[in-house]
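Trainee: Provided herewith is a single structure, encoded as structure tokens, for subsequent inquiry.
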Amino acid sequence: MGILPGHWIFGAFFTATSMIGFIALSGIIVRNSILLVDFAEQEWREGKDLRHALLTAGAVRFRPIVLTAAAVVVGSFVMIFDPIFQGLAIAMMFGAVAATGPTLVVIPLLYYEFFRNKKSAGLE
């Protein structure tokens, strides 16, 4: 969501290193989503309501997810002025900023919509 607007803001071309950044960033974002859902499922298995489990997971995992995004942005900033790795840095920085919010909001909402009518985490 943020990679192409980031390239447009910097006036940079989408290069092979940009694609590498896209792939690396997708791994980070998917990992954050999996950890969020896994924590919610653990809470749900312990007998808590699904809604409460998702809210607890969001509250507990919020700081690690935001810190991961901040680390990606700060770590990528050192490459932003390198002509070869600028695309990688832009992809990582803008993609992390744009994907962190939806990870914390959209993933729990979709999970709730899919599993709200089930009695347990479905792992019986």
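The values are calculated or read from the model by the stated rules, or taken from the named source; none is laboratory data. All values derive from a computational prediction rather than experimental measurement. Because the Cβ atoms are built from the backbone with ideal geometry, glycine has one as well, and the counts that use them run over all protein chains shown.
Trainee: Condition first: touching a residue at least 60 places away in the same chain (Cβ under 8 Å) and either in contact with a Pro (Cβ under 9 Å, 6 or more places away or on another chain) or surrounded by 14 or more Cβ atoms within 10 Å (Cβ to Cβ) (or both). Now tell me which residues in the stretch 29-79 satisfy that.
Mentor: If the condition is that a residue be touching a residue at least 60 places away in the same chain (Cβ under 8 Å) and either in contact with a Pro (Cβ under 9 Å, 6 or more places away or on another chain) or surrounded by 14 or more Cβ atoms within 10 Å (Cβ to Cβ) (or both), then Ile29, Asn32, Ser33, Leu36, Val37, Ala40, Glu41, Trp44, Arg45, Leu50 are the ones that fit.
Trainee: Can Ala40 be described as among the small types (Gly, Ala, Ser) and closer than 30 Å to Arg116 by Cβ?
Mentor: On the way: among the small types (Gly, Ala, Ser): yes; closer than 30 Å to Arg116 by Cβ: yes.
Answer is yes for this residue.
Trainee: Working only within the stretch 85-106, note down all residues that are of a type in the set (A, V, I, L, M, F, W, C) and buried (at least 21 other Cβ atoms within 10 Å of the Cβ). Please lay out each step first, then the result.
Mentor: Residues of the stretch 85-106 that are of a type in the set (A, V, I, L, M, F, W, C), as a first pass: 85, 88-94, 96-99, 104-106.
Answer for the stretch 85-106, where residues must be of a type in the set (A, V, I, L, M, F, W, C) and buried (at least 21 other Cβ atoms within 10 Å of the Cβ): Leu88, Ala89, Ile90, Ala91, Met92, Met93, Phe94, Ala96, Ala99.
Trainee: For residues in the stretch 1-28 being of a type in the set (S, T, N, Q) and either closer than 22 Å to Gly101 by Cα or outside any helix (DSSP H, G or I) (or both), which is nearest to the chain's Cα centre (by Cα)?
Mentor: Going through the stretch 1-28, the residues of a type in the set (S, T, N, Q) turn out to be 15, 17-18, 26.
With either closer than 22 Å to Gly101 by Cα or outside any helix (DSSP H, G or I) (or both) added as a condition, the list becomes 15, 18, 26.
Working: Thr15: 23, Ser18: 18, Ser26: 8 Å.
Selected residue: Ser26.
Trainee: Being within 19 Å of the chain's Cα centre (by Cα) and either at pLDDT 95 or above or charged (D, E, K, R) (or both) is the filter here; which residues of the stretch 40-53 pass it?
Mentor: Glu41
Trainee: Here's a follow-up. Can you tell me which condition Phe94 does not meet? The list is (1) modelled with pLDDT of 95 or more; (2) farther than 15 Å from Ile3 by Cα, and all the others hold.
Mentor: Single failed check for Phe94: (2).
Trainee: Of the residues in the stretch 1-27, how many are closer than 24 Å to Leu67 by Cβ and crowded, with 20+ Cβ neighbours inside 10 Å?
Mentor: Going through the stretch 1-27 one residue at a time, the tally reaches 4.
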